[in-house]
Amino acid sequence: MPLRVYDTRTREKRELSTLEDGKVSMYVCGITPYSPSHLGHARCYLSFDVVHRWLEASGYDVDYVQNFTDIDDKILDISDSEGVEFSVVANRNIDDYLGVMDAMNVLRADHYPRVTETIPEIIGMISDLEEKGHAYVGDDGVYFEIDTAPEKYGQLTGQTLEMVRAGAGGRVGGTGSGKRDHRDFALWKLTKPGEPSWESPWGEGRPGWHIECSAMSLNHFGEQFDIHGGGHDLRFPHHEAEIFQSECCTGTEPVVGFWMHNGFVNIDGEKMSKSLGNFWTIREAFESHAPLALRYALLSVPYRNPIDLTPEFLDEAAMHYDRLLDAYGNSLSSQEESGIDLSGASERFSNAMNDDFNTRSAMIEVQAVVSSAPGSDVAAWLEKNAGEVLGLLPSPEEVAANLAQVESARAEVAERVESLLDERESARQSKDWARADEIRDELTSIGVVVEDGPEGPTWHLG
RNA sequence: GCACGGGUGGCAGAGUAGCUAUGCAACGGACUGCAGAUCCGUGGACCCGGGUGCAAAUCCCGGCCCGUGCUCCA
């Protein structure tokens, strides 16, 4: 089954075709580092991490670019209030982002361009747009003029010029004072004294929000590239603005082969937002959930669907994750093959991933293998599919270290447990159930779970 | 208001025309002094109304409801 990818622009799943055989150029809109990363970021970059991993597992050479919008109004607000340079705020939050992504096994992109390091390219692109008559200078900045390319409107959202002209339900306001039309958008903002700014042909200023991605992708990939990803909310205006900028600048279309957008994160059925008080940063989530258990939860819904993170949903994911780790650990320490035919599971796993990266269906296959008998072949299967493709496994070294840690904790209490168990067995022999249960309660209180079986009792640390 | 996406068992969540989804929970059985774990098994769903088809959860039309977007947003 060939790999099919859903494209927001054409609203269909299509077989992936790339500009160059065997290679994929992929650009994903990165964060604006004005605050620590939240669960919405986790969902987005986890989704595209799986895209990245599956493309590579399928034999593609992937060139993955993700930007940092390291200059922006909110960053300036925060740096002002703290009395520090804007770069201090940006760097702090970029470090936080990379740290939490590493913890969740997100592979690094190949390049992380920053707006502040792309200024010459941005200015060059705006100059080209101005020369070609697509941009004009207003009194507070340079704007893209929508009416110079009306046919490009609504490619990702289906909205028409007239609809937005009508005024977005009366909620259009606060547009730049220099705009000719409220649908036009800023390419370059002239800055106020005291703000960070760069020299340009139009005066001291800084880039508008949309132009950076066009400049970076043009700079890195050229006039066209294969996949452009980002959150569902970025379709409009951000990604439609990119289409205007890139295609009007180069005259080549389409700039992007496949537009991919991930669905949003809800908390207990409500949109996650600071105002609702249900806003979780990733680090806050780590306090109650292991990073890879959180990864398990976030990948257990296909990337385009909204995901509702309820406590029950997260707990269920954590349980499955623990089972996966147990099964992997048992299989790793197994010297023999299970003898199970894993080819059906492999095929279904691949088919699921090839169907627009359906991680949900793929993980069902993982769950089936997890509940089968352990063996070295199972370990290899899990390592490849749950590990390399889905990124759900710690390294074999970490797993071995964890097993060793559990083993030593077990050894510490083993002598006492064994003697208590002996005592309990003799109580059970004489049908002194009260005494037997008393001993079991005592063991429970020191964290030992006793399980009676046909071969006598076994125990493990709860 | 307009656009896009969605409405599937107690819960989560796949599935785009015919064949058990799956997991958790529940229930029954085996095993057990009890509990737990394990194994076997069972029931239960396709928002509403029309249409097309031999056949519709799936395609078409209409309606209702929910989510998101509509110039800060992953």
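Details
- Verdict on A:Gly462 being closer than 29 Å to A:Ser333 by Cα, in contact (Cβ under 8 Å) with a residue 12 or more places away in the chain, exposed (fewer than 12 other Cβ atoms within 10 Å of the Cβ) and of a type outside the set (Asp, Glu): yes
- Checked across segment A:125-134, the condition of being part of a helix (DSSP H, G or I), over 15 Å from A:Gly205 (Cβ atoms) and either in contact with a His (Cβ under 8 Å, 6 or more places away or on another chain) or within 14 Å of RNA strand B (Cβ to nearest atom) (or both) holds for no residue.
- Scanning segment A:214-231 for residues that are outside any helix (DSSP H, G or I) and either more than 10 Å from RNA strand B (Cβ to nearest atom) or under 27 Å from A:Glu130 (Cβ atoms) (or both) returns A:Gly222, A:Glu223, A:Gln224, A:Phe225, A:Asp226, A:Ile227, A:His228, A:Gly230.
- Selection status of A:Val89, within 15 Å of RNA strand B (Cβ to nearest atom), surrounded by 15 or more Cβ atoms within 10 Å (Cβ to Cβ) and either free of Cβ contacts under 8 Å to residues at least 12 places away in the same chain or assigned to a loop (DSSP other than H, G, I, E, B) (or both): no
- Residue match in segment A:282-297 (condition: surrounded by fewer than 16 Cβ atoms within 10 Å (Cβ to Cβ), over 17 Å from the mean Cα position of the chain (by Cα) and more than 30 Å from A:Thr157 (Cα to Cα)): yes
- Number of the condition not met by A:Ala414 [criteria: (1) exposed (fewer than 14 other Cβ atoms within 10 Å of the Cβ); (2) within 15 Å of RNA strand B (Cβ to nearest atom); (3) more than 30 Å from A:Ile340 (Cβ to Cβ)]: (2)
- Test: A:Asp70 is buried (at least 19 other Cβ atoms within 10 Å of the Cβ), in a loop (DSSP other than H, G, I, E, B) and more than 9 Å from RNA strand B (Cβ to nearest atom): yes
- Those residues of segment A:314-344 which are more than 30 Å from A:Thr8 (Cα to Cα) and within 12 Å of RNA strand B (Cβ to nearest atom), in sequence order: A:Asp315, A:Glu316, A:Ala318, A:Met319, A:His320, A:Tyr321, A:Asp322, A:Arg323, A:Leu324, A:Asp326, A:Ala327, A:Gly344
- The number of residues in segment A:232-267 being assigned to a helix (DSSP H, G or I) and surrounded by 20 or more Cβ atoms within 10 Å (Cβ to Cβ) comes to 12.
- Filter pass, A:Ser246 being over 19 Å from the mean Cα position of the chain (by Cα) and at pLDDT 95 or above: yes
Here's the yes/no breakdown for (1) closer than 27 Å to A:Gly208 by Cα; (2) free of Cβ contacts under 8 Å to residues at least 40 places away in the same chain:
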residue: A:Asp233; (1), (2): yes, yes
residue: A:Trp259; (1), (2): yes, no
residue: A:Gly269; (1), (2): no, no
residue: A:Leu292; (1), (2): no, no
residue: A:Val301; (1), (2): no, no
residue: A:Thr310; (1), (2): no, no
residue: A:Leu314; (1), (2): no, yes
residue: A:Ala317; (1), (2): no, yes
residue: A:Tyr321; (1), (2): no, no
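- The residues of segment A:94-120 that are among the charged types (D, E, K, R) and either surrounded by fewer than 18 Cβ atoms within 10 Å (Cβ to Cβ) or farther than 25 Å from A:Val24 by Cβ (or both), listed by number, are A:Asp95, A:Asp96, A:Asp102, A:Arg108, A:Asp110, A:Glu117.
- In this entry, A:Ser25 passes the filter for residues that are more than 15 Å from RNA strand B (Cβ to nearest atom), hydroxyl-bearing (Ser, Thr, Tyr), touching a His at 6+ places or on another chain (Cβ under 9 Å) and farther than 23 Å from A:Gly387 by Cα.
- For A:Glu397, the criteria (1) within 27 Å of A:Tyr328 (Cβ to Cβ); (2) touching a helix residue (DSSP H, G or I) at 6+ places or on another chain (Cβ under 9 Å); (3) not small (Gly, Ala, Ser) hold in every case but one, which is (2).
- If you go through segment A:433-462 and keep only what is part of a helix (DSSP H, G or I) and aliphatic (A, V, I, L, M), you end up with A:Ala434, A:Ala436, A:Ile439, A:Leu443.
- Just so you know, in segment A:189-207 the residues that are under 17 Å from A:Lys74 (Cα atoms) and in contact (Cβ under 8 Å) with a residue 12 or more places away in the chain include one that is nearest to the chain's Cα centre (by Cα), and it is A:Pro207.
- Selection count where residues are buried (at least 19 other Cβ atoms within 10 Å of the Cβ) and not in a loop (DSSP other than H, G, I, E, B), scope segment A:11-39: 7
The values are calculated or read from the model by the stated rules, or taken from the named source; none is laboratory data. Being a predicted model, the structure only gives us computed values, none of them experimental. Heads up, the Cβs are rebuilt from the backbone with ideal geometry, glycines too, and the neighbour counts pull from every protein chain shown.
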